[in-house]
Structures are given as structure tokens and as C-alpha cells.
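Here the structure is laid out as C-alpha cells; the discussion comes afterwards.
All of the numbers you see were taken from the coordinates with simple rules; none came from a lab. This one's a predicted model, so the numbers in the text were calculated from it and none came from an experiment. FYI the Cβ positions are ideal-geometry reconstructions off the backbone, even for glycines, and counts take in every protein chain you see.
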Amino acid sequence: MALGFIAAGFVVLFLAWNGAASKDFVQGQVPYLLSGGFVGLGLIIVGVGLMLFESGRRAGTKVDRKIDELSEVMKTIQVSSNGSSKDHAMAEAHFADGKVVVGARSYHRPDCRLVEGKDALVYAAQPLATEQGLKPCRVCNPDV
């Protein structure tokens, strides 16, 4: 469909130039060039816009499909600690050393249910987390 608009635009441009060429005075050529030129260019621009829109739609669909595939893979390989005693003891040892789990906007106790089972936790001293502007978690309240 987009290619049809582009082709029609070039046909209109050709007809406009052909019509202008058949006139031997400028006042007769200008209407052909203006009206045919604008209509032809408009059709070409609409065709290119449709091509770009379709390309973006296809890319978005492809990204959505890849995200769905990634989500399925993550579900199959997700390793959950399920609160094992070894993990709980390690979390308590970190908290006893004054370390908390640092998140994007807040910090948590190592045994907080919001960070439980997550891989690659980042630990830091509680005063350092506070200095970085992080807020204490409202669920586990690590300041108590």
C-alpha cells in the first residue's frame, strides 16, 4: 500500500511536468507545477510515512516477542531459595555485621521478603546506604 502511494506520487509528478512542458508560457506552466508538485510530493510523503510506521510496528512486535521469550526463559531457570536455613543464617550474619541489602531507592534487611530469593544482592553498611539517600524499607524496617 505504501509503495502504491509512492508510485502514484511519482505518476502525478510526471503528469504535472508533462502538462507544464506542453505550455509555452510561464503563467500556463505554474498551475501544473504547483498543484501537481504538491499533490505528488504529498503522496510520496504519505507513502514513506506508511513505510516507517509499518517498520516501527514490526520492530515493536519483534521486541514484544523477544521479551515474552526472555520471560519464559527466566521462569524456567529461576532458582528460588525458598527460605532455606543456610540462606537465612547468611542473611542474619550480614545484618549482624551492620550490612543491609541496597536496592534502587531503599535498603532492606537481608531477610526481607522483598529481596528474598533474588540473585546478586548488593550489601553495604547501613550508614553508607543512608548517606546515599536511600530510604529504609517499609516492610522489614531495617532501622529497628
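Counting beta carbons within 10 Å around each of ASP64, ASP24, ASP111 and listing the fewest first gives the order ASP24, ASP64, ASP111.
Would you mind ranking ASP119, ASP143 by Cβ crowding within 10 Å, fewest neighbours first? Let's see the in-between values first.
On the way: ASP119 7, ASP143 11.
Least to most surrounded, the residues fall as ASP119, ASP143.
Of TYR107, TYR123, how do they rank once you tally other Cβ atoms within 10 Å and put the fewest first?
Details: TYR107 26, TYR123 16.
Arranged by neighbour count, lowest to highest, TYR107, TYR123 become TYR123, TYR107.
Counting 0.36 nm for each residue step from ASP68 to ALA2 and taking away their Cα separation leaves a gain of 20.8 nm. Run the paramagnetic zone check for LEU50: 7 angstrom along Cα to Cβ, then residues of region 1-44 with backbone nitrogen under 13 Å. Once the point is set 7 Å along Cα→Cβ of LEU50, 1-10, 43-44 turn out to lie under 13 Å by backbone N, inside region 1-44.
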